[in-house]
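Enquirer: My questions all concern the structure below.
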Amino acid sequence: MSVTSIVPEFLFDYPRGWFIVGASKEFNNETPTPLYYFGRKMVGYRDSKDQVVIMDAVCPHMGAHLGFGGKIKGDAIQCPFHHWEFGASGKCTHIPYSKIIPPAAKVQSYPVHEVNGLIFLWNDPEGLEPNYEIPQIPEWHDTENWLHWDVRLRQMKTQQHEVIDNIADATHFGPVHQMHVTDFSVKFDRHMAIQHQHGPSAMSYGDDGLLSTDAVYHGPGYLLTYLYTEIDTIMLVGHTPIDKQNLQIFFGLMIDKRAGLDADKIEAMVQHGQDSFFQDADIWENKSWVTNPLLVNGDGPILQARRWYSQFYRPRTDLPMYAGYSKAA
Ligand code: FES
Ligand SMILES: [Fe+2]
């Protein structure tokens, strides 16, 4: 089999999956939250049961943006221009001056999941229901021992697949992150990519200078990493396409409170974690996408990773052809 024939194709502009669109606290039942992801204007709010609703924001009447000046009315949102109202399903429920509501008076509404202090939107180019879940972090509920993250944002001029390559890139840790990796493994299991690494690292807080990490991608845009050193932490990295050239990065760090850190030390640790993740940013923002990279022994399972994440860029009917790769190491 030639190398070219095993390079996967990405058939969708944006991958299928759960993507963070904000922190829980950014959504309420008083003021709508305008959003822009996947090249679409959207709006989010909380309904009367406190559930987050996200729908396309362009009013089908005359195009006003529901997120700017719109009002939340129970379960519905009211357009600021002529006061048409749209329910959580996206269907128009009320036109103040017409008893007839045209069938086309609707916008697309998206599956939403709230977990770990985050709001996830299900993006699916085929318009199907979610086929995996974002799990609760057990430590999130252990507030006695764990500090919640305060999500920080940064936009990056790059594409989703450049960032995902990183999960399998064994040889960039030394040059970019000043980490000498002595153990490195990646497994691919359905919608998850699971990485373990160990070695001396600038991110270690122990006298021995060692760091072990266990990182799991749950789908193509949500990476959760447990970092084990003198002070244990859990790192969030979410990346959601804004459009085809730009990503929104969501960064967060949960810290084990039992380390007894004061506010300054906590801030320094969060900043350090954030800086470490963004050490790749200059490279991503300036590099070119190489479909068929010139790989040598030791590079890490980059092609297996691409096969794994190509599942999110293809119709579901295509997925059985990748089954043989689901357990690749
Ligand atoms: S543009 Fe929304 S009600 Fe007219
Ligand atoms: Fe990296």
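The values are calculated or read from the model by the stated rules, or taken from the named source; none is laboratory data. A quick note: this is a predicted structure, and the numbers were derived from the prediction, not measured. When we count neighbours, we look across all protein chains shown, and the Cβ atoms used for this are built from the backbone with ideal geometry, even at glycine. Side chains are part of the model used for accessible areas, which takes the heavy atoms of the whole protein and leaves out ligands, DNA and RNA. Shrake-Rupley method; radii C 1.70, N 1.55, O 1.52, S 1.80 Å.
Enquirer: Look at region 90-112 and say how many of its residues are open to solvent by less than 80 Å² (accessible area, probe 1.4 Å), assigned to a loop (DSSP other than H, G, I, E, B) and not aliphatic (A, V, I, L, M).
Expert: Residues that pass the stated criteria total 4.
Enquirer: Suppose we filter Q178, Q136, Q159, Q195 for residues that are of a type in the set (S, T, N, Q) and more than 16 Å from ligand 2 (Cβ to nearest atom); which single one remains?
Expert: Working: Q178 fails: more than 16 Å from ligand 2 (Cβ to nearest atom); Q159 fails: more than 16 Å from ligand 2 (Cβ to nearest atom); Q195 fails: more than 16 Å from ligand 2 (Cβ to nearest atom).
On inspection, the qualifying residue turns out to be Q136.
Enquirer: Just need a number here: residues in region 113-148 that are polar (S, T, N, Q), open to solvent by less than 40 Å² (accessible area, probe 1.4 Å) and more than 20 Å from H191 (Cα to Cα).
Expert: First, pick out the residues of region 113-148 that are polar (S, T, N, Q): 116, 123, 131, 136, 143, 145.
Subset that is open to solvent by less than 40 Å² (accessible area, probe 1.4 Å): 116, 123, 145.
Those still in the list that are more than 20 Å from H191 (Cα to Cα) too: 145.
So the count comes out to 1.
Enquirer: Could you give every pair whose Cβ atoms fall below 8 Å, whose first residue belongs to region 43-72 and is under 23 Å from K25 (Cβ atoms) and charged (D, E, K, R), and whose second residue is outside any strand (DSSP E or B) and within 16 Å of ligand 2 (Cβ to nearest atom), counting only separations of at least 6 or pairs across chains?
Expert: Listed by first residue and then by second, the contacts come to nothing, as the list is empty.
Enquirer: Is one or more of the residues making up region 289-300 modelled with pLDDT of 95 or more, among the aromatic types (F, W, Y) and under 23 Å from the mean Cα position of the chain (by Cα)?
Expert: No, there is no match, as no residue in region 289-300 is modelled with pLDDT of 95 or more, among the aromatic types (F, W, Y) and under 23 Å from the mean Cα position of the chain (by Cα).
Enquirer: Can you confirm whether region 46-54 contains a residue that is within 8 Å of ligand 1 (Cβ to nearest atom), at pLDDT 95 or above and open to solvent by 10 Å² or more (accessible area, probe 1.4 Å)? Even if it seems obvious, please write down each step before you answer.
Expert: First, the residues of region 46-54 that are within 8 Å of ligand 1 (Cβ to nearest atom): none.
No, region 46-54 has no match at all.
Enquirer: Now for a separate question. Answer yes or no: is there a residue in region 197-219 that is open to solvent by less than 20 Å² (accessible area, probe 1.4 Å), closer than 19 Å to I119 by Cα and not in a strand (DSSP E or B).
Expert: Checking region 197-219: at least one residue is open to solvent by less than 20 Å² (accessible area, probe 1.4 Å), closer than 19 Å to I119 by Cα and not in a strand (DSSP E or B).
Enquirer: Something else now. Which condition number in (1) assigned to a strand (DSSP E or B); (2) touching a residue at least 60 places away in the same chain (Cβ under 8 Å) is the one that P15 fails?
Expert: Exception for P15: condition (1).
Enquirer: Still on this model: What residue, of V237, V270, is within 16 Å of ligand 2 (Cβ to nearest atom), open to solvent by less than 70 Å² (accessible area, probe 1.4 Å) and of a type in the set (V, I, T)? Don't jump to the end; show me each part of the working.
Expert: On the way: V270 fails: within 16 Å of ligand 2 (Cβ to nearest atom).
After applying the criteria, what remains is V237.
Enquirer: Which one of G67, G63 is surrounded by 14 or more Cβ atoms within 10 Å (Cβ to Cβ) and not assigned by TED's automatic domain parsing to the domain that holds R152?
Expert: Numbers: G63 fails: surrounded by 14 or more Cβ atoms within 10 Å (Cβ to Cβ).
After applying the criteria, what remains is G67.
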